[in-house]
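Colleague: Provided herewith is a single structure, encoded as structure tokens, for subsequent inquiry.
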Amino acid sequence: MLRVDQLKRKILIRNIVIAFLVTGLVLAIALFWVKFYSMENSKAHFEKIDLSLRNFLETLNTVISHHDDELENYVKANLQIAKTLIENLNENEALEKINEQLSRVVLNNIPSLFVDLNVALINEKGDIIRATGYLSNVENIGFKPNVLLAGSLPHITGFVPGTARMVKYVWLKLSETDNRYLLFTFYLNQKLYDGFIKGLSGLTAGNILEIAIYVDYENRLDTSKKTPDQVIARGFTRQYFKAGWLQDIYYKAYDFSSYGEIKIPIYLKVVFDFRKILFYVLTFMLTLVVSVTVFTILSTNATVKPFASDMSKLSIAVREIGNTGTLPPAGNFNLVETQEFYETLSAILQELSATMEELEATNEELMRSYDELRLKSEEFRRLLVSISEKLAVIAEGYDENTGQHIYRVKRLSKLLAEKLGLADEKIEDVDMFASLHDIGKIFIPKEILLKPGKLTPEEWEEMKKHTVYAKRILDVPGFETALNIALYHHENHDGSGYPFGLVGEEIPIEAQIVKIVDVYDALRSDRPYKKGMSHEEALRIILEGDGRTSPEHFSPKVLDIFKEHHEEIRKIWEELK
């Protein structure tokens with residue numbers, strides 16, 4: 001049999017569960033739709049970027065090749081002088097003079113295209129024997145030179161090895177008997193491509209997080225910093241797509257220029273990030289959940305209110321009869337059945353008056369039953385805590401050698417609560433519920449809890465969910481402190497914790513207390529993968545930090561109390577070890 005408030009709560013819970021199920025279904029559909037839409041949107045954006053880059057590369061090659069004949073004529077006009085210098089001078093001096101002579105001719109006549117020149121002697125493998133300028137620091141030009149057509153000078157647009165500097169290579173074989181080649185490296189004016197490259201890489205339309213243009217696996221045209229990329233390093237054919245829930249990454253390779261079998265590639269990498277869209281969707285869904293919850297509560301209250309009001313009036317009438325023996329005037333009832341009941345009650349009042357003594361005796365019995373029920377309710381509450389503690393021991397048993405961890409946390413948390421001067425009721429709650437801080441681990445897969453090695457990022461994300469999983473057990477009236485401890489004891493005072501990144505006093509004091517005690521016990525406890533620390537080592541890490549743990553993670557006032565009473569903490573811990 002249910003009381004009115006119990007019936008009201010039961011109806012409310014049922015309605016909220018239904019509302020949450022419907023909202024969850026809507027959320028799942030929304031997330032799948034967002035993922036599908038984002039992928040299609042990203043694909044469309046990538047195709048536009050791809051088209052823009054292809055058009056630009058085609059235009060750039062057209063601009064560069066426009067001066068190919070002019071450049072070849074300048075080089076041919078100086079070839080005889082170059083060969084004579086190489087035959088009559090030492091190689092370094094000859095290359096410097098060739099560099100100086102050809103620079104005057106080319107850089108003065110085509111200044112809009114070329115800004116510098118290096119000359120080098122290379123072998124048939126592309127190894128640099130001697131060189132001027134920056135090329136003297138390079139070991140190999142990255143391709144094997146060859147000559148396809150007699151009478152013409154081979155040339156190709158490429159990049160200086162180890163850099164993203166764009167150059168025009170022109171080479172010729174010194175003679176039929178000499179396997180060396182004379183290589184002319186003309187540095188292109190960066191103004192030809194810098195504007196477009198920076199504009200493209202700075203594009204932030206849609207979900208674009210990054211646009212990068214690589215000339216090899218670590219050198220990019222859009223930045224001077226070396227940023228290695230493993231996908232490009234491994235190699236791929238033409239196009240590669242890497243999908244994820246939060247990011248999609250597109251790669252594409254282009255033949256920037258070629259000469260015979262020599263290919264100079266360039267790579268496009270576009271990263272699309274969906275976290276902003278996901279944030280908006282989740283914010284909307286959270287607003288929807290809150291709205292649905294509020295609406296459900298209000299509508300349920302509005303539905304139950306007439307019945308509850310009638311029951312309240314009847315209750316008042318019954319109490320009045322018990323006190324005075326008379327029935328108060330009838331009020332305006334909401335339900336016909338209640339009105340009929342009240343009239344029936346009035347009709348039998350005379351008979352009830354004759355048996356008042358019996359009713360008083362019955363009333364006393366009811367009061368005793370009520371007190372017993374209250375005591376049973378408290379016993380049930382403590383029984384539920386005891387059961388939850390045993391569940392916590394089971395969860396901890398997966399992760400530690402014994403379940404003693406929860407009893408040490410319970411005892412030390414109560415000590416800190418007392419030293420902080422909290423209210424007696426709060427101290428009692430901390431003492432009762434601190435042991436339930438990791439109750440959510442009962443829902444974590446056993447293979448993750450028992451894994452001896454380092455967890456993968458996915459496993460670690462699942463492990464962190466034990467805080468929110470605790471709501472499955474503790475989200476009931478009377479267990480608010482227990483839920484605060486289980487849900488927030490991994491939040492850090494500086495906002496770097498989880499699951500919500502709360503800051504400062506946003507974190508309940510009971511969670512702040514269990515936080516520092518849990519860290520202390522973890523540092524001191526033996527684990528399969530590490531030996532427990534001494535009290536002094538653990539205290540030093542908590543007060544000074546070690547790169548992983550930082551004093552900024554803890555409430556300053558809790559940290560001060562912990563430091564002040566650390567000897568008492570040590571004694572209690574070692575008693576319960």
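The values are calculated or read from the model by the stated rules, or taken from the named source; none is laboratory data. In this text the structure is predicted, and so the values were computed from the model without any measurement. Cβ atoms come from the backbone with ideal geometry, glycine included; neighbour counts cover every protein chain shown. Quick note on the areas: whole protein, heavy atoms, side chains included, nothing else; ligands and nucleic acids left out. Shrake-Rupley method; radii C 1.70, N 1.55, O 1.52, S 1.80 Å.
Colleague: Return a yes/no flag: does the range 415-436 have any residue that is of a type in the set (Ser, Thr, Tyr), touching a residue at least 60 places away in the same chain (Cβ under 8 Å), touching a helix residue (DSSP H, G or I) at 6+ places or on another chain (Cβ under 7 Å) and under 18 Å from Trp573 (Cα atoms). Write out each step before concluding.
Modeller: From the range 415-436, those of a type in the set (Ser, Thr, Tyr) are 435; that's our starting set.
This time we only want the ones that are touching a residue at least 60 places away in the same chain (Cβ under 8 Å), so: none.
Looking for residues that are of a type in the set (Ser, Thr, Tyr), touching a residue at least 60 places away in the same chain (Cβ under 8 Å), touching a helix residue (DSSP H, G or I) at 6+ places or on another chain (Cβ under 7 Å) and under 18 Å from Trp573 (Cα atoms), one finds none in the range 415-436, hence no.
Colleague: Could I ask something else about it? May I ask you to list the residues in the range 499-517 that are outside any helix (DSSP H, G or I), in contact (Cβ under 8 Å) with a residue 24 or more places away in the chain, over 13 Å from Ala470 (Cβ atoms) and open to solvent by 10 Å² or more (accessible area, probe 1.4 Å)?
Modeller: Looking only at the range 499-517, we keep the residues that are outside any helix (DSSP H, G or I), and these are 499-503, 507-508.
So of that shortlist, the ones also in contact (Cβ under 8 Å) with a residue 24 or more places away in the chain come out as 499, 507-508.
Then drop every residue that is not over 13 Å from Ala470 (Cβ atoms), which leaves 507-508.
The answer is Pro508, and nothing else.
Colleague: Next question, about the same structure. May I ask you to say which residue of Lys454, Lys515, Lys441, Lys465 is within 25 Å of Pro556 (Cβ to Cβ) and either of a type in the set (Lys, Arg) or touching a strand residue (DSSP E or B) at 6+ places or on another chain (Cβ under 9 Å) (or both)?
Modeller: Values: Lys454 fails: within 25 Å of Pro556 (Cβ to Cβ); Lys441 fails: within 25 Å of Pro556 (Cβ to Cβ); Lys465 fails: within 25 Å of Pro556 (Cβ to Cβ).
It is Lys515.
Colleague: Something else: What are the pairs, 6+ residues apart or on separate chains, where a residue within the range 101-114 that is among the polar types (S, T, N, Q) has its Cβ under 8 Å from a residue that is in a loop (DSSP other than H, G, I, E, B)?
Modeller: Within 8 Å, the pairs are Gln101/Asn78; Ser112/Asn189.
Colleague: Being open to solvent by 50 Å² or more (accessible area, probe 1.4 Å) and in a loop (DSSP other than H, G, I, E, B) is the filter; apply it to the range 165-180 and report the residue that is nearest to Asp127 (Cα to Cα). Break it down into steps so the answer makes sense when it comes.
Modeller: The initial filter retains those residues of the range 165-180 that are open to solvent by 50 Å² or more (accessible area, probe 1.4 Å), namely 165, 173, 176-177, 179-180.
Remaining after also requiring in a loop (DSSP other than H, G, I, E, B): 165, 176-177, 179-180.
On the way: Arg165: 19, Glu176: 19, Thr177: 18, Asn179: 12, Arg180: 10 Å.
Across the range 165-180, the extreme among qualifying residues is Arg180.
Colleague: Give the range 529-558 a look and list any residue that's assigned to a helix (DSSP H, G or I), touching a residue at least 12 places away in the same chain (Cβ under 8 Å), over 12 Å from Ser496 (Cβ atoms) and open to solvent by 20 Å² or more (accessible area, probe 1.4 Å), or say none. Don't jump to the end; show me each part of the working.
Modeller: Residues of the range 529-558 assigned to a helix (DSSP H, G or I): 535-544, 551-553, 556-558.
Among the residues that remain, those that are also touching a residue at least 12 places away in the same chain (Cβ under 8 Å) are: 535, 537-539, 541-543, 552-553, 556-558.
Adding the requirement that they be over 12 Å from Ser496 (Cβ atoms) leaves 535, 537-539, 541-543, 556-558.
If the condition is that a residue be assigned to a helix (DSSP H, G or I), touching a residue at least 12 places away in the same chain (Cβ under 8 Å), over 12 Å from Ser496 (Cβ atoms) and open to solvent by 20 Å² or more (accessible area, probe 1.4 Å), then Glu537, Leu539, Leu543, Pro556, Lys557 are the ones that fit.
Colleague: Quick check on the range 441-465: of everything there that is touching a residue at least 40 places away in the same chain (Cβ under 8 Å) and part of a helix (DSSP H, G or I), which residue is surrounded by the fewest Cβ atoms within 10 Å (Cβ to Cβ)? Don't jump to the end; show me each part of the working.
Modeller: Initially, the range 441-465 is screened for residues touching a residue at least 40 places away in the same chain (Cβ under 8 Å), giving 441-442, 444, 446, 449-450, 452-453.
Going one step further and asking which of them are part of a helix (DSSP H, G or I), we end up with 441-442, 446, 449.
Numbers: Lys441: 25, Ile442: 19, Lys446: 10, Leu449: 19.
Only one residue fits best here, namely Lys446.
Colleague: For residues in the range 231-255 being closer than 27 Å to Thr59 by Cβ and polar (S, T, N, Q), which is surrounded by the fewest Cβ atoms within 10 Å (Cβ to Cβ)?
Modeller: The qualifying residue surrounded by the fewest Cβ atoms within 10 Å (Cβ to Cβ) is Thr237.
Colleague: Take Asn118 and tell me if it is assigned to a loop (DSSP other than H, G, I, E, B), within 22 Å of Leu85 (Cβ to Cβ), touching a residue at least 24 places away in the same chain (Cβ under 8 Å) and of a type outside the set (D, E, K, R).
Modeller: On the way: assigned to a loop (DSSP other than H, G, I, E, B): no; within 22 Å of Leu85 (Cβ to Cβ): yes; touching a residue at least 24 places away in the same chain (Cβ under 8 Å): yes; of a type outside the set (D, E, K, R): yes.
No.
Colleague: So how many residues does the range 123-150 have that are of a type in the set (A, V, I, L, M) and loosely packed, with under 14 Cβ neighbours inside 10 Å? Spell out how you get there, then give the answer.
Modeller: Step one: of the range 123-150, the residues of a type in the set (A, V, I, L, M) are 128-129, 131, 135, 138, 141, 147-150.
Restricting the remaining residues to those that are loosely packed, with under 14 Cβ neighbours inside 10 Å gives 129, 148-150.
Qualifying residue count, the range 123-150: 4.
Colleague: Go through the range 181-230 and count every residue that is outside any loop (DSSP other than H, G, I, E, B) and open to solvent by 10 Å² or more (accessible area, probe 1.4 Å).
Modeller: In the first step, residues of the range 181-230 are kept if they are outside any loop (DSSP other than H, G, I, E, B); the result is 181-188, 190-192, 194-201, 208-214, 220, 230.
Still in the running and open to solvent by 10 Å² or more (accessible area, probe 1.4 Å): 181, 187, 190-192, 194-196, 198-201, 208-210, 220, 230.
Residues flagged as outside any loop (DSSP other than H, G, I, E, B) and open to solvent by 10 Å² or more (accessible area, probe 1.4 Å) within the range 181-230 amount to 17.
Colleague: Hey, another quick one. Would you check which residues across the range 466-486 are open to solvent by less than 90 Å² (accessible area, probe 1.4 Å) and not in a helix (DSSP H, G or I) and list them? Break it down stepwise before answering.
Modeller: First, pick out the residues of the range 466-486 that are open to solvent by less than 90 Å² (accessible area, probe 1.4 Å): 466-470, 473-474, 476, 478-479, 481-486.
Scanning the range 466-486 gives Ala470, Val476, Gly478, Phe479.
Colleague: Being aliphatic (A, V, I, L, M) and open to solvent by 80 Å² or more (accessible area, probe 1.4 Å) narrows it down to one residue among Ile81, Ile110; which is it? Lay out the reasoning, then the answer.
Modeller: On the way: Ile110 fails: open to solvent by 80 Å² or more (accessible area, probe 1.4 Å).
After applying the criteria, what remains is Ile81.
Colleague: Quick one: would you say Val271 is among the β-branched types (Val, Ile, Thr), more than 30 Å from Leu21 (Cβ to Cβ), at pLDDT 85 or above and surrounded by fewer than 16 Cβ atoms within 10 Å (Cβ to Cβ)?
Modeller: Criteria not met by Val271.
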